[in-house]
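**Q** Handing you a structure now.
The values are calculated or read from the model by the stated rules, or taken from the named source; none is laboratory data. Here the structure is a predicted model, which is why all the values come from computation and not from measurement. Note that each Cβ is placed from the backbone with ideal geometry, even for glycine, and that neighbours are counted across all protein chains shown.
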């Protein structure tokens with residue numbers, strides 16, 4: 001049985017307690033973001049932990065499933081734009097300044113980069129973390145994810161919204177930007193369906209695909225069939241296939 005532990009700790013970046021769960025007893029540490037407005041337990045409740053159980057039980061993978069603040073940031077479409085983005089920026093600092101060191105300490109990995117992944121909105125947060133701080137993350141896995149902030153902003157991003165919109169800021173990087181060199185030595189993986197409720201995510205993925213191609217950044221983007229919908233059972237299949245490549249037996 002996979003080792004599981006629950007934690008509730010104060011975040012100095014956010015100014016309140018945040019909850020998370022850890023799955024597995026060792027191996028490669030990976031931060032996992034929930035779907036939109038989701039919670040730290042959703043990855044387990046919707047079968048994703050079970051899908052990864054072989055790697056977890058073998059001690060090859062350790063998941064750190066995080067909570068979100070989407071309700072008050074990206075999803076609060078009627079809220080003040082600047083306040084929403086300031087909250088998102090504090091959440092980003094929580095991830096990179098608090099959870100990354102914690103995951104490294106917990107897993108015993110003091111220096112190697114972590115992995116980061118998520119489905120849907122979780123894929124968006126994974127991309128934000130990875131593309132903003134490539135020195136911290138070695139692998140990004142986005143399933144049916146988003147890559148630009150204008151989806152929630154309603155118009156072209158600027159300021160903090162631009163900083164949290166990977167397709168925009170990567171597209172605007174000069175060719176000698178040091179992050180591009182770092183991206184080229186990482187694994188950037190995305191899978192998206194072409195079926196129901198995937199339309200916006202598919203378009204966003206194609207745009208990010210084109211941006212990375214134009215910048216000469218290797219990436220592994222997969223476009224699944226027209227029957228593949230924005231649903232958990234498809235993400236189970238996607239994540240198993242991804243990990244069979246990332247961590248073959």
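Listed here are the residues, each with its yes/no results for (1) outside any strand (DSSP E or B); (2) out of contact with any helix residue (DSSP H, G or I) (no Cβ under 9 Å at 6 or more places or on another chain); (3) free of Cβ contacts under 8 Å to residues at least 24 places away in the same chain; (4) closer than 22 Å to residue 113 by Cα.
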site	(1), (2), (3), (4)
6	no, yes, yes, no
14	yes, no, no, no
29	no, no, no, yes
39	yes, no, no, no
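**Q** Looking at region 119-127, can you tell me whether even one residue there is surrounded by fewer than 21 Cβ atoms within 10 Å (Cβ to Cβ), in contact with a helix residue (DSSP H, G or I) (Cβ under 8 Å, 6 or more places away or on another chain) and part of a helix (DSSP H, G or I)? Full working, then the answer.
**A** Let us first name the residues in region 119-127 that are surrounded by fewer than 21 Cβ atoms within 10 Å (Cβ to Cβ), namely none.
Taking every residue of region 119-127 in turn, none turns out to be surrounded by fewer than 21 Cβ atoms within 10 Å (Cβ to Cβ), in contact with a helix residue (DSSP H, G or I) (Cβ under 8 Å, 6 or more places away or on another chain) and part of a helix (DSSP H, G or I).
**Q** How many residues does region 132-161 contain that are surrounded by fewer than 24 Cβ atoms within 10 Å (Cβ to Cβ) and over 25 Å from residue 197 (Cα atoms)?
**A** Total satisfying the criteria: 10.
**Q** Can you name every residue in region 89-105 that is modelled with pLDDT under 95 and touching a helix residue (DSSP H, G or I) at 6+ places or on another chain (Cβ under 7 Å)?
**A** Result: 89, single match.
**Q** Then there is this: Quick one: which helices (runs of 4 or more DSSP H) lie wholly within region 132-206 and hold at least 1 residues that are touching a residue at least 60 places away in the same chain (Cβ under 8 Å) and either out of contact with any helix residue (DSSP H, G or I) (no Cβ under 6 Å at 6 or more places or on another chain) or under 25 Å from residue 230 (Cα atoms) (or both)?
**A** Filter on region 132-206 gives 150-153, 160-163.
**Q** State the number of residues belonging to region 61-73 that are outside any strand (DSSP E or B) and surrounded by 23 or more Cβ atoms within 10 Å (Cβ to Cβ). Before you say what the answer is, go through the steps one by one.
**A** Initially, region 61-73 is screened for residues outside any strand (DSSP E or B), giving 67-73.
Checking the rest, the ones that are also surrounded by 23 or more Cβ atoms within 10 Å (Cβ to Cβ) come to 68, 70.
Selection size over region 61-73: 2.
**Q** Would you check if residue 88 is touching a residue at least 12 places away in the same chain (Cβ under 8 Å), crowded, with 16+ Cβ neighbours inside 10 Å and closer than 23 Å to residue 146 by Cβ?
**A** Working: touching a residue at least 12 places away in the same chain (Cβ under 8 Å): yes; crowded, with 16+ Cβ neighbours inside 10 Å: yes; closer than 23 Å to residue 146 by Cβ: yes.
Answer is yes for this residue.
**Q** Within region 16-25, take every residue that is surrounded by fewer than 19 Cβ atoms within 10 Å (Cβ to Cβ) and either in contact (Cβ under 8 Å) with a residue 24 or more places away in the chain or in contact with a helix residue (DSSP H, G or I) (Cβ under 6 Å, 6 or more places away or on another chain) (or both) and give me the one that is nearest to residue 49 (Cα to Cα). Spell out the reasoning first.
**A** At the first step, the residues of region 16-25 found to be surrounded by fewer than 19 Cβ atoms within 10 Å (Cβ to Cβ) are 16-17, 19, 25.
Subsequent filtering for residues that are either in contact (Cβ under 8 Å) with a residue 24 or more places away in the chain or in contact with a helix residue (DSSP H, G or I) (Cβ under 6 Å, 6 or more places away or on another chain) (or both) retains 19, 25.
On the way: 19: 17, 25: 13 Å.
Only one residue tops the list, namely 25.
**Q** Can you name the condition, by its number, that residue 76 falls short on among (1) touching a helix residue (DSSP H, G or I) at 6+ places or on another chain (Cβ under 6 Å); (2) surrounded by fewer than 24 Cβ atoms within 10 Å (Cβ to Cβ); (3) in contact (Cβ under 8 Å) with a residue 12 or more places away in the chain; (4) closer than 26 Å to residue 151 by Cβ?
**A** Unmet for residue 76, out of (1) touching a helix residue (DSSP H, G or I) at 6+ places or on another chain (Cβ under 6 Å); (2) surrounded by fewer than 24 Cβ atoms within 10 Å (Cβ to Cβ); (3) in contact (Cβ under 8 Å) with a residue 12 or more places away in the chain; (4) closer than 26 Å to residue 151 by Cβ: (3).
**Q** Suppose we keep only residues that are touching a residue at least 60 places away in the same chain (Cβ under 8 Å) and assigned to a loop (DSSP other than H, G, I, E, B) within region 41-60. Which one would you say is surrounded by the fewest Cβ atoms within 10 Å (Cβ to Cβ)?
**A** Per the stated criteria, the residue is 47.
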